[in-house]
1. Take segment 131-180 and flag every residue that is within 21 Å of the chain's Cα centre (by Cα) and among the hydroxyl-bearing types (S, T, Y).
2. Given the criteria touching a strand residue (DSSP E or B) at 6+ places or on another chain (Cβ under 7 Å) and not β-branched (V, I, T), does R103 qualify?
3. Mind telling me which of the residues R61, R80 ends up being at pLDDT below 90, basic (K, R) and out of contact with any strand residue (DSSP E or B) (no Cβ under 7 Å at 6 or more places or on another chain)?
4. So the check is Cβ under 6 Å with 6+ separation or different chains; which pairs have a first residue in segment 94-111 that's over 21 Å from A124 (Cα atoms) and in contact (Cβ under 8 Å) with a residue 60 or more places away in the chain and a second one that's surrounded by 17 or more Cβ atoms within 10 Å (Cβ to Cβ) and of a type in the set (K, R)?
5. Just checking: which of the strands (runs of 3 or more DSSP E) contained wholly in segment 68-180 hold 1 or more residues that are among the β-branched types (V, I, T), in contact with a helix residue (DSSP H, G or I) (Cβ under 9 Å, 6 or more places away or on another chain) and crowded, with 17+ Cβ neighbours inside 10 Å?
6. Which residues, taken from segment 154-169, are over 15 Å from V109 (Cβ atoms), of a type in the set (A, V, I, L, M, F, W, C) and touching a residue at least 24 places away in the same chain (Cβ under 8 Å)?
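The values are calculated or read from the model by the stated rules, or taken from the named source; none is laboratory data. Only a predicted model underlies this, so the values are computations on that prediction, with no experimental measurement involved. Heads up, the Cβs are rebuilt from the backbone with ideal geometry, glycines too, and the neighbour counts pull from every protein chain shown.
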Amino acid sequence: MPRGTPPPRNRRRVIVGVCVLVGVLLVLAIAFGGDDTPTPQSTATQPTQTVAPAGAVPLPRDLPQGPPALSSQDRDAARRAARAFARDFLAFQRGQRTPAEIRFATAQVRELIAALPRGRGTPAVRQHPARLTGISLRTGDQADTIVATATITRLGARFPFRFTLRKDHEHWRVVAAQVG
């Protein structure tokens, strides 16, 4: 056996070790990005994009509050209509009103409410009635609509009750409600 060559058993270990090392290096190269060479592109064909500076983005405190397209009189009238509708709906659930007695609702909304299995004034509802604790308004999809969210509490739990109002001949009417 020549002097500079390792014995056959050690040679196998060296070859296996080199193969393992090359395999690990290949796996690492693939895992950490592989080919990082940039692809040459012509700058003449690339569209330019402008990015607005960070100061141009409005902060939440700078955004308009409430329905911006409405006058304060319209906003107040819509809030009064929403509050009256929500209170009448809760009275209906307690069995104290019929659907026809629910103010500011369209005929379609009254029909929807009449089809509900509520309004019978069950003992549990009478013992622990739900209460209206707040109304919030936001603009709807159309300029003459508002989405109202009535916050209802019952037995310490809070529930949102959403409905849509539309201005019709100077009056706000509930045209859709998420009931059931």
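1. S136, T139, T145, T149, T151, T164
2. In short, no.
3. Exactly one residue qualifies, and that residue is R61.
4. F104/R173; T106/R173
5. Passing ranges, in order: 131-139, 145-154, 171-177.
6. The answer is L155, F159.
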